[in-house]
Amino acid sequence: MYKALIAYVSYSGNTKEAAEIAADVLTKKGMKVTLADVSETAAELEAYDVYVFGALTWGDGELPKEMRVFLRKILPLLEVRKEEIKAAVFGTGDSIFPRFCWAVDIVFHHLTKRGFPTFPEKLKIEQSPYGLGQVAKVEAWAERFAEWVQGQAATEGAGQRASASTPAVK
């Protein structure tokens with residue numbers, strides 16, 4: 001069973017709503033999920049296999065300070081076992097602004113730049129997932145992410161089994 005941390009920052013509640021929807025789906029897919037507001041979290045951050053980061057886009061395409069501080073704290077801790085971790089990014093924003101959901105792109109950039117295995121599909125939600133009927137979009141994304149995590153683990157397991165069964169050449 002995978003242990004997943006969904007770490008989010010939410011000012012108006014939209015990102016929290018999306019996090020809760022994703023948590024429900026991942027739980028149904030067999031993961032043990034912990035939801036954590038990054039401004040309040042004091043959990044053992046290294047204790048997870050799966051990390052899902054959720055952020056609203058603030059101001060003119062900015063990542064909120066709370067998430068910047070959280071990433072500076074958690075990414076160095078996870079660096080030593082980054083090959084074992086699976087990550088994903090989602091966020092909320094308002095499309096009337098030219099840099100719609102740029103916070104998602106910023107977090108994704110930091111994860112991939114450091115070499116963390118990251119789900120290539122970034123989820124960007126227009127404001128509340130409930131207000132615009134986007135619940136199904138969040139659920140479908142979380143389902144695809146869960147399948148990706150399980151597929152990545154199966155691929156890694158097959159590679160480890162193959163290398164373990166290959167005799168050493170002297």
- Might you let me know whether the stretch 46-54 holds any residue that is under 25 Å from Q152 (Cβ atoms) and either without any contact (Cβ under 8 Å) to a residue 12 or more places away in the chain or among the basic types (K, R) (or both)? no
- Just wondering, is there one or more residues in the stretch 68-78 that are touching a residue at least 24 places away in the same chain (Cβ under 8 Å), buried (at least 22 other Cβ atoms within 10 Å of the Cβ) and assigned to a helix (DSSP H, G or I)? yes
- Note down all Cβ pairs under 7 Å where the first residue falls in the stretch 121-142 and is modelled with pLDDT under 95, the second is open to solvent by less than 60 Å² (accessible area, probe 1.4 Å) and of a type in the set (A, V, I, L, M, F, W, C), and they're at least six residues apart or on different chains. none
- Task: Assess whether A19 counts as being part of a loop (DSSP other than H, G, I, E, B) and under 21 Å from F119 (Cα atoms).
- Result: no
- Query: Mind checking which residues of the stretch 56-67 are farther than 17 Å from I125 by Cβ and in a helix (DSSP H, G or I)?
  - Reply: K65, E66
- Would you confirm whether any residue within the stretch 134-156 is of a type in the set (D, E, K, R), open to solvent by 60 Å² or more (accessible area, probe 1.4 Å), in a loop (DSSP other than H, G, I, E, B) and touching a helix residue (DSSP H, G or I) at 6+ places or on another chain (Cβ under 8 Å)? no
- Message: Out of everything in the stretch 80-96 that is charged (D, E, K, R), outside any strand (DSSP E or B) and open to solvent by less than 60 Å² (accessible area, probe 1.4 Å), what residue ends up being nearest to F119 (Cα to Cα)?
- Response: K82
- Item | Meets criteria (closer than 20 Å to K3 by Cα, out of contact with any Lys or Arg (no Cβ under 8 Å at 6 or more places or on another chain) and aliphatic (A, V, I, L, M)) for L111 | yes
- Note on the structure: Of the residues in the stretch 22-55, those that are outside any strand (DSSP E or B), open to solvent by less than 70 Å² (accessible area, probe 1.4 Å) and either among the acidic types (D, E) or under 21 Å from F108 (Cβ atoms) (or both) come to A22, A23, V25, L26, M31, V38, T41, L45, Y48, D49
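The values are calculated or read from the model by the stated rules, or taken from the named source; none is laboratory data. Note that the coordinates shown come from a computational prediction; the quantities given were computed from them, not determined experimentally. Glycine also receives a Cβ, built like all others from the backbone with ideal geometry; neighbour counts cover every protein chain displayed. Remember, those area values only see protein heavy atoms, side chains included, never the ligands or the DNA or RNA. Shrake-Rupley method; radii C 1.70, N 1.55, O 1.52, S 1.80 Å.
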